[in-house]
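Here is the structure we will look at, set down as structure tokens.
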Amino acid sequence: MHITARILALLVAALLAAPLAAQTPYPTRPVRLVLPITPGGLQDNLARALAPELGRRWGQAIVVDNRAGANGAIATQFVAHAPADGYTLLMTSSMQASNDLNPDIKGAPDPTQELAPIIAPVATGNILVTLPQFPANTLRELLDLARANPGKFNYGSFGVASSSHLDMQALADMHGIKATHIPYKGGADLLQALLGGQIEFTISGLQSALPFVKQGRLKAIAYGGLQRSTVLPDLPTMSESGVKGFESGGWFGWFAPAATPRPVIERIAADVAALITTPEIRDKYITGLGFDVLNLTGPAFAEKFKADRELYAARMKKLRIGSF
């Protein structure tokens, strides 16, 4: 009886230890971080700042792999079809992660089925800007002026169905404004068009427009975050300016192939979260550039992603983009 009990205890201990023995430490080789944009720019710079710091924590190289094209669909598809082992990750924006909602973008996988959200480390609000000589100085003045002059003004965006397009058109629809939308190939082209007088106003990424605002070449009207920006603390938010609860902005998020083991996802999320809250990373690469530390993981990130997708889909449907 004593021997039987001892054998049983040994069997139980072996069974309990088996899952631990079967787990492979992560990571044991270099990790690829795929970006849907060309080198340079804010998203790429942030990734390249985080990669070596995370690599030092892991004792493995983090290789940044730029795979631009199809508005992010090429990179998203590449990661979605990669082995689900945590060694191929995607860092993308809230809009690019929702490319499948735009029927005009071919080949974009459904991220809710083919990708697993890991962490949204940072967020940023957009900024509504005009030229210094434009007669409106507040969001309310701009909306009133545009409503009183139907069809007179042009506004730009960095692409059809981009956040700058969907959000500006949403503002126009809410206030009965008729203005002409002119899409550009990206944020740089958009701001050059504004500086050149081809358009009267636009919603732009904060970080892209900030140097021109500080130089006095552009006038900031309102900030799209729900809280004021740390780099433009005197600029009121859109919500403060009479459009209660209105938000224009986005986040950068990390994703893995859908079947990636949960312990691997949790390890990545925990280490990235720890990294972005260190003062040297936070102050230099996040808050110092006008980003906000978001640090959403697990169900909170999944819920935020779901809510944003529903908002984008509703705005695309109203504009009849693609087959909507």
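The values are calculated or read from the model by the stated rules, or taken from the named source; none is laboratory data. As the structure is a prediction and not an experimental result, all values here were calculated from the model. Neighbour counts run over all protein chains shown; Cβ positions are idealised from the backbone, glycine included.
Below, the figures for the structure above:
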| item | result |
| --- | --- |
| Check on R315, more than 13 Å from W251 (Cβ to Cβ), assigned to a helix (DSSP H, G or I) and of a type in the set (K, R) | yes |
| Which numbered condition D85 misses (of (1) surrounded by fewer than 18 Cβ atoms within 10 Å (Cβ to Cβ); (2) more than 20 Å from the chain's Cα centre (by Cα); (3) not small (G, A, S); (4) not assigned by TED's automatic domain parsing to the domain that holds D292) | (4) |
| Hits in segment 159-169 - residues which are under 19 Å from N99 (Cβ atoms) and either in a helix (DSSP H, G or I) or of a type in the set (A, V, I, L, M) (or both) | V160, A161, S163, S164, H165, L166, D167, Q169 |
| Check on A269, surrounded by 14 or more Cβ atoms within 10 Å (Cβ to Cβ), aliphatic (A, V, I, L, M) and closer than 19 Å to V34 by Cβ | yes |
| Residue in segment 144-153 that is modelled with pLDDT of 90 or more, buried (at least 17 other Cβ atoms within 10 Å of the Cβ) and not aliphatic (A, V, I, L, M) present | yes |
| Count - residues of segment 22-74 that are among the β-branched types (V, I, T), surrounded by 14 or more Cβ atoms within 10 Å (Cβ to Cβ) and touching an Asp or Glu at 6+ places or on another chain (Cβ under 8 Å) | 3 |
| Residue count, segment 42-70 (criterion: in contact (Cβ under 8 Å) with a residue 60 or more places away in the chain and out of contact with any helix residue (DSSP H, G or I) (no Cβ under 8 Å at 6 or more places or on another chain)) | 1 |
| Residue that is within 15 Å of Y155 (Cα to Cα), among the charged types (D, E, K, R) and free of Cβ contacts under 8 Å to residues at least 60 places away in the same chain, where the choices are K219, K214, K244, K178 | K178 |
| Test: residue in segment 190-199 that is touching a strand residue (DSSP E or B) at 6+ places or on another chain (Cβ under 6 Å), more than 15 Å from F291 (Cα to Cα), not in a helix (DSSP H, G or I) and not assigned by TED's automatic domain parsing to the domain that holds T38 | yes |
| Count of residues meeting criterion [closer than 17 Å to D292 by Cβ and touching a helix residue (DSSP H, G or I) at 6+ places or on another chain (Cβ under 7 Å)] in segment 205-219 | 4 |
| Which listed residue, of D65, D110, D100, is of a type in the set (D, E) and modelled with pLDDT of 95 or more | D65 |
| So P135, is it part of a loop (DSSP other than H, G, I, E, B) and at pLDDT below 95 | no |
| Any chance A307 is of a type in the set (A, V, I, L, M, F, W, C), free of Cβ contacts under 8 Å to residues at least 40 places away in the same chain and within 27 Å of L54 (Cβ to Cβ) | no |
| Conditions (1) in the same structural domain as L50 (by TED's automatic domain parsing); (2) part of a loop (DSSP other than H, G, I, E, B); (3) touching a helix residue (DSSP H, G or I) at 6+ places or on another chain (Cβ under 9 Å); number of the one not met by S98 | (2) |
| Residue, nearest to the chain's Cα centre (by Cα), within segment 175-228, restricted to residues that are within 19 Å of V160 (Cα to Cα) and among the basic types (K, R) | K185 |
| Residue in segment 109-120 that is over 18 Å from R315 (Cα atoms), within 23 Å of the chain's Cα centre (by Cα) and assigned to a loop (DSSP other than H, G, I, E, B) present | yes |
| Lone qualifier among L42, L35, L46 - being assigned by TED's automatic domain parsing to the domain that holds E114 and either aromatic (F, W, Y) or at pLDDT 95 or above (or both) | L35 |
